[in-house]
Structure formats: C-alpha cells, structure tokens
Amino acid sequence: MNISECSTESKNTTFQRCGNEVCKKNYSTLLKCSGCRTKSYCSVDCQKTDWYQHKKICRLETTSKDIKKNESKLEGVKTSVLDSAMLERPMPISGLRLIENFISDDLHERFIEQMNRGIPEINNGHYDGYTFKNFEDFDKVFYTLTKDVFLKLKVLNFFSSEKRPLKLACTLLGYDKNGFITRHVDSPLLSGGTVILISFNSPVVVNFYSQKKTEEQQHKIFIPPKSIYAISGEARYEWSHAILKDENTYNSKEFARGRRYVIVYTPPGSLDRGSVLLNF
C-alpha cells in the first residue's frame with residue numbers, strides 16, 4: 001500500500017475530524033486513504049502517523065474489494081460456461097470426467113490449423129515433441145485457447161485440491177488414423193494427481209481396464225472432438241487405459257477416425273523435465 005497516494009475531496013462547509021486520533025482538529029477538506037477509501041486525514045503527515053494502526057484494516061478492506069471484484073468476473077464466466085453447449089456425461093468410473101463441446105468451434109479449428117503445420121517427433125503409436133516454423137502464430141492461438149480452458153477449469157473446480165500457486169505441465173500429442181496407446185497407468189513420477197486431456201479433430205475410444213486382481217472389468221469411453229476428459233483418483237490409480245490401433249466402432253456403430261491432436265495439462269511429477277510449465 002502506498003500511503004502517499006491520496007485524493008482531495010471537498011466537504012464544502014461540513015467539518016470532519018481527522019482520522020488520526022492524535023490530531024484533535026476539525027477540517028472542511030480531508031485527504032482520503034486511496035486504498036480502502038474509508039478513512040480521511042487532514043494531511044499526509046497525519047496519514048503516515050496513523051498508518052501503523054490503520055494498515056491492517058486498510059489491507060483487509062482492499063482485499064475484500066479485490067475478492068468481490070474477482071468473484072464478479074468469475075461469476076460472469078460461470079454464467080457463460082453454464083449457458084454454453086457443454087455437456088458432462090455420466091461416467092462408470094469414479095474420478096473419470098468427460099465434458100463434450102468444451103472447446104468452441106472457432107478455437108478448435110484454429111488450433112487444428114496450427115497443429116497441421118507442426119513438425120513432430122515420431123514415437124510409439126503417436127507423435128510428440130512438436131516444433132513450429134512460426135512460433136508466434138502458434139503461441140497466439142495456443143495461449144488464447146489455454147486462457148479459455150483455464151477459466152473454465154476454475155469455474156468447474158478442477159485442481160481445487162491442489163496447492164497454490166499451481167503450475168501445470170503441458171504436452172502436445174498427435175495421432176494418425178490408426179494411432180494407439182499401449183495399456184498403462186500414468187506414472188505419478190511424471191504427472192500429478194489430475195490429468196486433463198483435450199481432444200481435437202477426430203473421435204476415439206479410450207479403453208479402461210480395472211487393475212484389481214479380484215475383478216477384471218473393462219469400460220469403453222467414446223471421446224468426441226472438442227471434448228475434455230479428466231483422469232484422477234480411482235480412475236487414475238486403479239484403472240489402466242489404452243487406445244487400440246484399429247478400433248473404429250462404438251456400441252456396434254462405426255465412426256470415422258482421422259488425425260487426432262491432444263493437449264495434456266497436469267501438475268508435473270518429480271521426474272518431469274521436458275514439459276512446458278504454465279501458471280494456472
């Protein structure tokens with residue numbers, strides 16, 4: 001708080017007592033505290049003298065105003081989010097969430113356009129390590145998209161149990177028409193508690209398999225483009241998951257698979273070294 005920042009307000013012929021209790025005089029013109037705007041002084045010297053007593057109240061008042069301002073802004077985003085076309089599907093596994101239409105058509109198409117221009121490294125069943133000839137164009141789209149995603153994640157209480165301030169590791173992945181992921185459980189050494197995945201361009205089926213020795217279960221989850229799915233808790237640690245190479249049917253209905261892109265956001269694990277870190 002800069003105690004020297006004040007504004008002069010005329011009180012006409014109305015006399016008021018200086019906010020500094022040591023000062024016994026009444027004045028028609030006082031300097032109002034620029035932080036909380038609740039206390040007035042006859043001079044900067046009186047404000048400085050009273051600052052030790054006033055600063056706690058001032059900071060509480062200022063913080064309260066900031067919280068209300070941010071809550072109002074977030075409430076506007078919340079209303080917009082809840083009024084959107086987003087649809088959360090019920091899931092058969094605790095800790096697994098799927099929200100369709102999470103990304104707008106415009107951001108979806110702009111991101112695909114940039115990823116189509118990317119130069120990836122080939123990995124087992126997928127692509128990663130993307131570079132771009134024009135990082136400025138990519139960053140413009142990527143950070144607009146990420147800002148939109150993070151606002152929605154906050155409204156929907158994702159990462160609410162994580163310690164603050166929170167940084168999220170970000171990874172870009174690509175899959176050909178027959179791309180796949182071998183069955184695995186995400187290592188906590190590489191990624192934190194909740195793994196967020198946003199799916200672009202092509203639908204896919206993700207298979208979840210129970211890791212309990214006494215109970216072998218399998219669930220197939222259909223992931224449309226523009227969707228977000230989150231894996232945490234039981235779904236993260238008690239179920240493995242995989243994408244099969246030639247799987248293009250769901251509930252006995254065939255669907256067209258094509259090139260697919262994914263953004264992964266997650267708190268970084270202790271062994272994560274290569275991910276881009278973003279402030280959540």
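For a quick check of your reading: which strands (runs of 3 or more DSSP E) sit entirely within region 167-206 and have at least 2 residues that are among the aromatic types (Phe, Trp, Tyr)? Steps first, please.
Details: elements: 167-175, 181-184, 195-200.
Correct list: empty, since no element meets the threshold.
Filter region 255-275 down to the residues that are more than 19 Å from Ser199 (Cβ to Cβ) and exposed (fewer than 15 other Cβ atoms within 10 Å of the Cβ) and list them by number. Walk me through it before giving the result.
Just the residues of region 255-275 that are more than 19 Å from Ser199 (Cβ to Cβ), to begin with: 267-274.
Ser270, Leu271, Arg273, Gly274 - these are the residues of region 255-275 that are more than 19 Å from Ser199 (Cβ to Cβ) and exposed (fewer than 15 other Cβ atoms within 10 Å of the Cβ).
If a residue counts only when it is modelled with pLDDT of 90 or more and more than 22 Å from the chain's Cα centre (by Cα), which strands (runs of 3 or more DSSP E) contained entirely in region 80-164 have at least 2 such residues? Let's see the steps before the verdict.
Values: elements: 87-89, 96-100, 119-122, 127-131.
By residue number, 119-122, 127-131.
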**OP:** Could you give me the residue pairs with C-beta distances under 7 Å whose first residue belongs to region 109-129 and is touching a residue at least 60 places away in the same chain (Cβ under 8 Å), whose second residue is assigned to a helix (DSSP H, G or I) wherever it lies, and which are 6+ apart or on separate chains?
**Re:** Phe111/Val141; Phe111/Leu145
**OP:** Can you tell me which residue within region 212-251, out of those that are assigned to a loop (DSSP other than H, G, I, E, B) and hydroxyl-bearing (Ser, Thr, Tyr), is nearest to Ile196 (Cα to Cα)?
**Re:** Ser232
Original post:
Of the residues Tyr265, Tyr229, Tyr250, Tyr261, which is in the same structural domain as Lys154 (by the TED database), over 25 Å from Lys152 (Cβ atoms), hydroxyl-bearing (Ser, Thr, Tyr) and in contact (Cβ under 8 Å) with a residue 40 or more places away in the chain?
Top reply: Tyr250
Subject >> Residue among Lys163, Lys167 that alone is of a type in the set (Lys, Arg) and touching a Leu at 6+ places or on another chain (Cβ under 8 Å) >> reply: Lys167
Original post:
If you go through region 183-199 one residue at a time, how many are within 17 Å of Phe222 (Cα to Cα) and surrounded by fewer than 17 Cβ atoms within 10 Å (Cβ to Cβ)?
Top reply: 1
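The values are calculated or read from the model by the stated rules, or taken from the named source; none is laboratory data. Note that the structure is predicted; figures quoted are calculated from it, not measured. Note that each Cβ is placed from the backbone with ideal geometry, even for glycine, and that neighbours are counted across all protein chains shown.
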